[in-house]
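Novice: First the structure, then my questions, so here it is.
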Amino acid sequence: MNSEIVISVRELTKRFGDFTAVDRISFDVHRGEIFGFLGANGAGKTTAMRMLCGLSYPTAGSGSVAGFDVMREGEKIKRHIGYMSQRFSLYNDLTVWENMRLFAGIYGLNRRETEERASALLKRLNFEAERDTLVGSLPLGWKQKLSFAIATIHRPEVVFLDEPTGGVDPVTRRQFWELIYEAASEGTTIFVTTHYMDEAEYCSRVSIMVDGEVRALDTPARLKQQFAAESMDEVFRTLARGAQRGE
Amino acid sequence: MKAIEIDNLSKSYNKGKVQALSSVSFEVERGELFGLIGPDGAGKTTLFRLLTTLLSPDAGRATVDGYDIVKEYHAIRSRVGYMPGRFSLYPDLSVEENLQFFAALFGVNVEESYDLIAPIYKQIEPFRTRRAGKLSGGMKQKLALSCALIHRPSILFLDEPTTGVDAVSRSEFWDMLAGLKERGITILVSTPYMDEASRCDRIALCNEGRILGIDTPHDIVRGFDNRLYGISAKNMFTLLERARAMEGVVECYPFGQRHHLVADDSFSVEQFTRQLSDIEGLEIASAEPTIEDMFIKLMKR
């Protein structure tokens, strides 16, 4: 594994009034890792992810994402990461190409860079024939793949994927994971949440949050060993059953 | 009489441009817990809306509890409970008020049905004065299920009740369904999670408006007629690409901690390991097909 650290947090905490949503979480994510971020509903995943994406400032703790301080440099973090949410967030009334141009522009790529990277992405996805197709008319699986491509159009160091495969058929789900594998093997760091426990197995390392804390963090193989479990599903259940708080 | 009989039901949208459901036929027995398993776009929601008489079919016919979904829609509405995929209770009414409202709509009172909903409702009763909009996802789900049961329906339609819900809550929800089944209620439930199939008596695998296969979870995988292996190595991505190029490999795809390799008769384990001997940590062993393997196979057929 590459030893360069892309995400590093220490004792990161977020409180809303007297409710501690995220309670002193600490971990490092290395370049090119696929880091699975699991937790029960309400465990604090979304709040933690928002802090890592520069969308919300921590109450306490310290950390950096892509070289920028999570306590102070939220705006810079946003520019250096990619983000894809489960809720489809491209523009249905724009074509594939227009969506690429729009997001490339938002991330500050110039015309030549945009042209170059958008063409390369279309080619890789085998989407060249769909260049001028309205995104709204694409099948769901294609949209998801396109979303991922667009989230990486500015070659971010790290991409955050929030349940990227929800509702997608099993064949497309696997094609999507191959895109993730490929991006990771080229050095992009992947930070991903999922409710599909078999997908947790695809990750280099997995962390599991319960009641605002990171209760487990290791490779899937070692976690299974540690909890004497056959699958990540079993590991997850063992940990999440002990949860004190609901959503 | 079957609980649900569906005969060549079709439905399209946008003046026929989108075929949501294409000649779907199957039957659900009384008291059965029947699962519709498939991704978004499979036609699950359309089928629910047709059977609960919220839409009319383009072609085909169906009966629910013995009543025709077109001609006798009125009789059906009081006999079924429907929990749509989107939360559809009143967020500004309290937990208790929502329940009373649905009871009033169906002309029953909460006390008459309390025994039926109690195992579920008791879990949210401490919050009965809280507005429904302020409940957590799991609590909303329990309230929605209580409201769908308040008039003691004979058939319950649940459209993706566990989507986006974590693995533990999902498992608890299926325990609740098992409890309702014991009370004799027929349940038609949809889910995109293949691992939930085993909780159903029978399942229909569906994709793009068609049924790919119907059987018990056990028997549906018996239809998997290729040899299946689990393979792993230190670099899983390289392994995937190399394995796909090997003789006798029908397909190879990621499957949790291993890749699944579907083989035809020309495949030889010995040859495979010999030709890929340069791959570090290569392991291959026979694997048992799952619902998901079967789904992938049927999808590609």
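None of the figures in this text is laboratory data; all of them are computed from the coordinates on show. Bear in mind the structure is a predicted one, so any value in this text is a computation, not a measurement. Glycine also receives a Cβ, built like all others from the backbone with ideal geometry; neighbour counts cover every protein chain displayed.
Novice: Dividing the convex hull volume of the Cα atoms of the protein assembly as shown by its residue count, what figure in Å³ per residue is obtained? Mind showing how you got there, number by number?
Specialist: Details: hull volume 90.5 nm³, N = 548.
Enclosed volume per residue, from the Cα hull, is 165 Å³.
Novice: Could you give the distance between the Cα centres of the stretch A:43-67 and the stretch B:217-278, to the whole Å?
Specialist: 40 Å
Novice: Report the relative contact order of chain A, percent, no decimals, based on alpha-carbon pairs under 8 angstrom and at least 6 residues apart. Spell out each step's value before the answer.
Specialist: Numbers: 460 pairs, mean separation 64.8, N = 247.
Value for chain A: 26 percent.
Novice: Tally Lys and Arg at +1 and Asp and Glu at -1 over the other residues with C-beta under 10 Å from the C-beta of A:T59: what net charge comes out?
Specialist: +2
Novice: Ratio of Rg to Rh for the stretch B:223-300, alpha carbon only, Kirkwood?
Specialist: Here Rg/Rh amounts to 0.94.
Novice: Further, regarding this structure: Give me the lysines in straight-line cross-link reach of B:K2: C-alpha distance below 17 Å, same-chain residues under 8 apart excluded.
Specialist: Once the sequence-local lysines are set aside, what remains near B:K2 is B:K181.
Novice: Sort A:D169, B:D195 so that the residue with the fewest other Cβ atoms within 10 Å of its own Cβ comes first and the one with the most comes last.
Specialist: B:D195, A:D169
Novice: Please label the shape of chain A as rounded, prolate or oblate, based on the square roots a ≥ b ≥ c of the eigenvalues of the alpha-carbon gyration tensor (a/c under 1.5 means rounded; beyond that, a/b larger than b/c means prolate, else oblate).
Specialist: prolate
Novice: Taking θ = phi - 60°, what integer Hz values does the Karplus form 6.51 cos²θ - 1.76 cosθ + 1.60 yield along the stretch B:177-188, in sequence order, with x for Gly and Pro?
Specialist: Coupling constants for the stretch B:177-188: 5, 4, x, 5, 4, 4, 7, x, 7, 7, 10, 10 Hz.
Novice: Among bridges DSSP assigns within the protein assembly as shown, what percent are antiparallel (round to 5)?
Specialist: Values: 56 of 91 bridges.
Percentage antiparallel, nearest 5: 60.
Novice: Report for the stretch A:63-222 the percent antiparallel among DSSP-assigned beta bridges with both residues inside it, nearest 5.
Specialist: Here the share of antiparallel DSSP bridges comes out near 45 percent.
Novice: Roughly what % antiparallel, to the nearest 5, for the DSSP beta bridges in the stretch B:4-221?
Specialist: Rounded to the nearest five, the antiparallel share is 55 percent.
Novice: Sticking with this one: Across all directions of projection, what mean area in square nanometres is found for the Cα convex hull of the stretch B:166-301?
Specialist: Mean shadow area of the hull around the Cα atoms is 9.8 nm².
Novice: Using alpha carbon coordinates only, what is the Rg to Rh ratio of the stretch A:1-147, with Rh defined as the Kirkwood radius?
Specialist: 1.03
Novice: Among B:Y90, B:Y193, B:Y73, whose mean-square fluctuation peaks in a Gaussian network model of chain B (Cα, cutoff 10 Å)?
Specialist: B:Y90
Novice: Label chain B by shape, choosing from rounded, prolate and oblate, from the square roots a ≥ b ≥ c of the eigenvalues of the Cα gyration tensor; if a/c is under 1.5 it is rounded, and otherwise prolate applies when a/b is larger than b/c, oblate when it is not.
Specialist: The shape class here is prolate.
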